[in-house]
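What follows is one structure encoded as structure tokens, with my remarks underneath.
The values are calculated or read from the model by the stated rules, or taken from the named source; none is laboratory data. Computed from a predicted structure; not experimentally measured. Glycine also receives a Cβ, built like all others from the backbone with ideal geometry; neighbour counts cover every protein chain displayed.
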Amino acid sequence: MNILITGNLSSLAATFIEELTKRKHRLVLASDDADKLGIKSSGAIVHSVNPAGDLFKDAMSAYGFDVVIFISTREERLSEEKDLNTGHQLDGLWNVLELCKHRKLKHFFYISSTEVYGDSQDVSENAVPQPASLNGYTLLAGEQYCRIYHDKFGVNTTIVRLTNIYGPQEKSGLLYRLIMACNGKGKASLPVREDSEISLLHVLDVTDFLIRAIDEKYTSDSMVVNLSSSKSFKYSELTGMLQKYYPSLALTFADEDDLHTRPAKVSSARRIYDWVDTYTFDQELEHLLEIFHGERLPKKSGLDAITRRLSNYPEFLKWIELIAGTVLIQLLSQMTGTLIQFKYVDFRLLFVVIMGSIYGMQTGLYAAILVSISILYTWMELGFDWALLIYNVGNWLPFALYFTAGMITGYNRDKNENQLTNAQKRTRLLDDKYSFLYGVFNDIRKLKDEFRERLLGYRDSFGKIFTITQELDQLQEQTIFLRALSILEEQMDNKSIAIYSLDENRTYARLEASSAPLKTRLSKSLDLSDYPEVRPYIEQGKIFQNTSLLPDYPAYLVPVFNNTYPFNVPAAMIVVWSVKFEQYSTYYYNLLKVLCGLIEASLVRATLFSNANYERTYLPTTKILTRQAFMETLKIRVEMKKNRVSDFQLVVMQSPDHRFEAIYPCLAEEIRATDVIGACTDGDYYILLAQADKLAAQDVVKRLARHGIQSRLVDANQILLD
């Protein structure tokens, strides 16, 4: 599988990589400090990209991930040198979830912490978290993000809440910092009470759970999973364990708990995944101490330490150099006898240096020529002999100095200017180059994704057809509608699909089921006269493809024929309201044609079965369902409502003075053809109002009252429970 590991990779990532690559999984690591982890595994690709950055989705979209693991910043990972950046964490999680929501992801894992329970007494998976720290609220907000994407976009998510973690490669956790403090100073301070409990879970036990969950074929009904060691103990007991190896160890405790990661009750991990922690802390402690002590850095000399420290403070180093330079100049002045020169300042040299530094070599040389003329003019004004100026070589030095200063300062200025200009040109060239490559990359990525989908589709076509056939092997129309919608959404990678039933005249189409995002956008029925372009396709049994991009028309419309009496009459239609531009291709046209053909065959089989079992399905001379048939219909309607693909209202009729079989014609006039009347196991009769809201149901109650039939709305779930 292709697995993305992102978030705070300083925690858990090293062990995850080592264990998952052993099982031939292909890993991609993404974090701003991923290159500092020193990952050398051949099965892992490392990207130093921040999950909260703008380029994250673009960089990661080139991969087809099956599993994504997001490691949050848990309490024991908070560094004392870095501030907790809540927005940074949540932005990174949001970016990752946005990347996952449009993909066929098998599983998304959010590694959280039992810190979310705060000081609550109930630490079970079904408890309502009550954080007591800022990081706890951040983790809880991240869990809420995951729930929203799970419910709204169908991202298969598992929230894993961990206790304190330890292991050979865990170098920033609570236990590691405590051992390093004990080994260095012989004393440490813990911001918890002495009688508080701690649970230390080995990182390999966490990895074992993830491997089990990744390999699980079926979706778990539990979204939250607690992982905690089966054996917890108090911090005072932890002190006793460490004192066996550090006899002079002095541990101090606080009066109140500032750490909120605590043991938790483990239920789903054992019940669903058969997970049990296999590592015991007191047996692993000696091995950990040997590893941690053997990896201490070698001692360096005092000068190296001072140099390394000073290099971390450039501002402080600048002042040291300034003061040292001043002392050196003073010593050189004393050694050469040049102590004070109040009356002599070479303004001409200063002028040449300034002009050369600001405007470059050419202007510097012009300045040198001008100041040379100024010297000659002054020489002439003073009345000195010209021969003395020409034949005394020492008098040439100021001229040479002016020209040298102008050339050097001007050259440096021109050099810097040329370097800056060239750098700007290279930057523009690189920008154009990478813009072009980025466009090519996007085109290649789209083609790769399309070819990958097609390759998988062709490779697994027989298996998919077999699976789809099994899914559609149902004997109730409503069950087929539910399964068909799920199959179409998965195979077409589309969440804008609706299934309609047609009346006898093909004038109106009644909504039977639709994708969850369309629930509030679609009307309960369609007037086909508003879509004249599709009428010929429905009558002729052809697929309508909106290649002309007609406004308000669906992208695809596929009629479904009954093929029983009356023969060759369209009874339903499958509508794909919107698709991506590339899904107008022949590939998707043929895919939809095959899928709808399988659905049509299943509907025909269900109709034949219903007709053959008419006497067992309906009460004599009526369209009132028998008790068994009505309960089966009610169950599938409840399931459809739960999955947000369809809606209904249930009305119970309370009129003991009438036999409803006798007054069925009167009842049939007050309801629609798509509504269902049936007898229930409690002896009452019910009306199931398909795709109706409470307002429409109340209107039916009023109309029945005019015929002397008392009725009321009831809860379908309660009926099933009873």
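Scanning region 230-272 for residues that are under 17 Å from residue 112 (Cβ atoms) and among the hydroxyl-bearing types (Ser, Thr, Tyr) yields 261, 267, 268.
Looking only at region 250-274, filter to residues that are more than 30 Å from the chain's Cα centre (by Cα) and crowded, with 16+ Cβ neighbours inside 10 Å; which one of those is modelled with the highest pLDDT? Ranking the qualifying residues of region 250-274, first place goes to 253.
Give, as residue ranges, the helices (runs of 4 or more DSSP H) completely inside region 344-442 that count at least 3 residues that are touching a residue at least 12 places away in the same chain (Cβ under 8 Å) and β-branched (Val, Ile, Thr). Steps first, answer last, please.
On the way: elements: 347-359, 361-382, 386-391.
The helices (runs of 4 or more DSSP H) meeting that bar are 347-359, 361-382.
Within region 235-249, not a single residue is among the aromatic types (Phe, Trp, Tyr), in a loop (DSSP other than H, G, I, E, B) and in the same structural domain as residue 16 (by TED's automatic domain parsing).
Would you be able to say whether some residue in region 222-236 is of a type in the set (A, V, I, L, M), at pLDDT below 85 and buried (at least 17 other Cβ atoms within 10 Å of the Cβ)?
Restricting attention to region 222-236, the residues satisfying the condition of being of a type in the set (A, V, I, L, M) are 223-225, 227.
Next, from what is left, pick out any that are at pLDDT below 85: none.
Among the residues of region 222-236, not one is of a type in the set (A, V, I, L, M), at pLDDT below 85 and buried (at least 17 other Cβ atoms within 10 Å of the Cβ), which makes the answer no.
Among the candidates 222, 229, which residue alone is under 30 Å from residue 25 (Cα atoms), touching a residue at least 40 places away in the same chain (Cβ under 8 Å) and in contact with a helix residue (DSSP H, G or I) (Cβ under 6 Å, 6 or more places away or on another chain)?
Details: 229 fails: in contact with a helix residue (DSSP H, G or I) (Cβ under 6 Å, 6 or more places away or on another chain).
Within the list 222, 229, the selection yields 222.
Please count how many residues of region 572-618 are at pLDDT below 80, crowded, with 17+ Cβ neighbours inside 10 Å and not in a helix (DSSP H, G or I). Looking only at that region, the number is 1. Would you check if residue 670 is closer than 27 Å to residue 514 by Cβ, out of contact with any helix residue (DSSP H, G or I) (no Cβ under 6 Å at 6 or more places or on another chain) and either among the hydrophobic types (A, V, I, L, M, F, W, C) or not assigned by TED's automatic domain parsing to the domain that holds residue 487 (or both)? So residue 670 does not fit the description; no.
Answer yes or no as to whether residue 68 is closer than 24 Å to residue 449 by Cα, outside the structural domain of residue 451 (by TED's automatic domain parsing), modelled with pLDDT of 85 or more and surrounded by fewer than 22 Cβ atoms within 10 Å (Cβ to Cβ). Break it down stepwise before answering.
Values: closer than 24 Å to residue 449 by Cα: yes; outside the structural domain of residue 451 (by TED's automatic domain parsing): yes; modelled with pLDDT of 85 or more: yes; surrounded by fewer than 22 Cβ atoms within 10 Å (Cβ to Cβ): no.
In short, no.
I'd like to check something: does region 110-121 contain any residue that is modelled with pLDDT under 90 and in contact with a Phe, Trp or Tyr (Cβ under 8 Å, 6 or more places away or on another chain)? No, that holds for no residue.
Restricted to region 537-552, and to residues there that are of a type outside the set (Val, Ile, Thr) and surrounded by 16 or more Cβ atoms within 10 Å (Cβ to Cβ), the residue that is farthest from residue 496 (Cα to Cα) is 537.
Could you please let me know if residue 340 is surrounded by fewer than 14 Cβ atoms within 10 Å (Cβ to Cβ) and at pLDDT 75 or above? So residue 340 does not fit the description; no.
Checking residue 633 against (1) surrounded by 18 or more Cβ atoms within 10 Å (Cβ to Cβ); (2) out of contact with any helix residue (DSSP H, G or I) (no Cβ under 9 Å at 6 or more places or on another chain); (3) closer than 14 Å to residue 481 by Cα, which test does it fail? Among (1) surrounded by 18 or more Cβ atoms within 10 Å (Cβ to Cβ); (2) out of contact with any helix residue (DSSP H, G or I) (no Cβ under 9 Å at 6 or more places or on another chain); (3) closer than 14 Å to residue 481 by Cα, the lone unmet condition for residue 633 is (2).
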